[in-house]
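These notes concern the structure reproduced below.
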């Protein structure tokens with residue numbers, strides 16, 4: 001139980017008890033005012049070593065000095081606390097990324113030892129999904145912002161990573177980002193990254209059978225508060241009606257479920273000249 | 001009634017004793033600069049006054065010069081056992097008002113606590129908390 005809601009604070013008398021005709025008193029007063037201002041300036045520069053003096057000549061100035069010194073102590077303690085918390089969050093992101101990479105490596109090893117191509121392919125899919133999440137934690141660990149990531153930077157890295165992972169020279173992945181920076185919370189970016197990785201993976205795996213070369217194009221657009229992530233490929237297409245419905249395929253089921261999770265919507269069009277999928281999201 | 005000197009506990013920054021009215025007193029010495037060790041020593045002195053029943057405490061801080069952050073934190077009575085039901089702090093100068101306000105506003109005490117500018121009002125408020133068991 002606290003009584004702090006009561007009138008606990010007291011108004012402080014403000015009349016100064018100095019004789020302005022006494023040059024020594026006036027000089028001491030000015031010196032102490034300068035000392036207080038220097039201490040405030042030091043605090044503004046986060047220099048906590050300099051303290052304001054309590055000289056015993058003027059009670060009001062001593063009170064100001066004491067208040068400034070205590071404010072400095074509290075500020076210093078909060079800054080130390082914040083720094084420690086920031087380091088802890090970074091450490092968590094680092095460990096999550098490392099653990100996800102371990103899981104990804106285990107899946108990779110498992111896929112290498114299986115003779116069943118279908119199982120190996122499913123394991124590879126899971127590996128890609130995990131890698132897209134690990135990328136979020138890696139970028140958060142390396143950035144100064146511990147909860148949000150710049151979407152262009154994330155998508156750029158994701159596309160590059162997937163291109164390296166599938167290493168199919170005949171398929172070109174291009175990414176067009178936003179004209180301006182946009183920071184998005186990792187809570188939203190992880191599902192978006194998973195959706196993107198699922199759709200790019202689908203194009204790689206299914207769109208370019210019997211084709212000499214292919215293009216996958218990922219594009220971000222933002223109009224007012226609506227973000228659109230568009231995926232295009234010039235592959236052989238598929239039955240888009242099936243893709244717009246809830247489906248038994250894990251990949252597309254995941255896409256629908258994650259879209260719902262971020263309160264987004266998805267639109268799929270596909271024909272024999274390619275597939276276009278757009279993810280709409282209100283920010 | 002004058003308290004016999006032998007019943008007073010004299011510390012570097014405080015004089016502490018139990019009043020005839022069952023309210024303990026801690027008087028901060030003139031120009032005291034209270035550090036954590038002083039806060040701990042006075043806390044022990046206050047607790048040594050315990051005789052089976054919790055009691056309120058009056059702290060006269062009117063002549064204090066400074067109190068370190070560690071001492072402020074310790075004296076807020078958070079996360080430690082105490083024999084006091086409540087405490088009132090008396091301040092008079094603007095310096096003591098600022099120091100004690102910092103203590104009150106930033107370190108939320110865990111027992112009822114209030115700031116006063118005169119001893120009479122403080123004692124009257126503490127009387128109401130004499131039987132608090134917390």
- Message: Using a 10 Å cut-off around each Cβ of peptide B:98-105, what is the average number of partner chain Cβ atoms that fall inside?
- Response: 5
- Report, to two decimal places, the Cα Rg of the range B:40-134 normalised by 2.2 N^0.38 Å (N = number of residues). 1.02
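What is the fewest-to-most order of A:159, B:13 by other Cβ atoms lying within 10 Å of their Cβ?
Details: A:159 20, B:13 23.
With the sparsest Cβ surroundings first, the list reads A:159, B:13.
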- Task: Report P(r) for the protein assembly as shown: all Cα-Cα distances, bin width 10 Å, range 0 to the bin holding the largest distance, values in whole percent.
- Result: 4, 16, 18, 12, 9, 11, 13, 10, 5, 1, 0
- Using Cα centres only, tell me the gap between the range B:56-97 and the range A:202-223 in whole Å. 70 Å
- Message: For A:73, A:86, which order do you get if you count the other beta carbons within 10 Å of each Cβ and list the fewest first?
- Response: A:86, A:73
- Item | Separation of the residue A:76 and residue A:31 label points, Cα + 7 Å toward Cβ, nm | 2.4 nm
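Please compute the average number of Cβ atoms from other chains found within 10 Å of each residue's Cβ in peptide A:57-65. Before the final figure, lay out each step's value.
Details: counts 0, 0, 4, 3, 2, 6, 7, 3, 3.
Shielding by partners across A:57-65 averages 3.
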- Item | Calculated Rg and Dmax of the range A:34-90 using C-alpha coordinates, Å | 13.8, 49
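Largest first and in whole Å, what are the equivalent-ellipsoid semi-axes of the range A:147-283 based on the Cα gyration tensor, each being the root of 5 times an eigenvalue? The partial results should precede the final answer.
Values: eigenvalues 106, 65, 34 Å².
Sorted largest first and rounded, they come to 23, 18, 13 Å.
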- Along each of its three principal axes, how wide is the spread of alpha-carbon positions in the range A:110-196, in whole angstrom units, largest first? 45, 27, 20
- Task: Consider a paramagnetic label point 7 Å from the Cα of residue B:12 along Cα→Cβ; state which residues of the range B:27-62 have an amide N under 15 Å from it.
- Result: B:29-45
- Query: To the nearest whole number, what is the average tally of beta carbon atoms from other chains within 10 Å of the beta carbons of peptide B:26-37?
  - Reply: 0
- Among A:173, A:218, A:80, which one moves the most in a GNM of chain A with springs linking Cα atoms closer than 10 Å? A:80
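What order do you get for B:120, B:108 when you list them from fewest to most C-beta neighbours inside 10 Å? Write out the running numbers ahead of the final one.
On the way: B:120 9, B:108 13.
Exposure proxy ranking, most exposed first: B:120, B:108.
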- Query: Once both labels are modelled 7 Å past Cα along the beta-carbon direction, what's the residue A:278-residue B:70 spacing in nm?
  - Reply: 6.4 nm
- For chain B, what is the calculated [θ] at 222 nm in deg cm²/dmol (nearest 500), taking -39500 (n - 2.57) for each run of four or more DSSP H residues and dividing by its residue count? -9000 deg cm²/dmol
- Report the equivalent ellipsoid semi-axes for the range A:99-158 in whole Å, largest first, defined as the square roots of five times the eigenvalues of the gyration tensor built from alpha carbon atoms. 29, 11, 6
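Quick note: the coordinates plus some simple rules give every number you see, no bench work behind them. Here the structure is a predicted model, which means the values were calculated and not measured. Cβ coordinates were reconstructed from backbone atoms using ideal geometry, including for glycine residues, and neighbour counts include every protein chain displayed.
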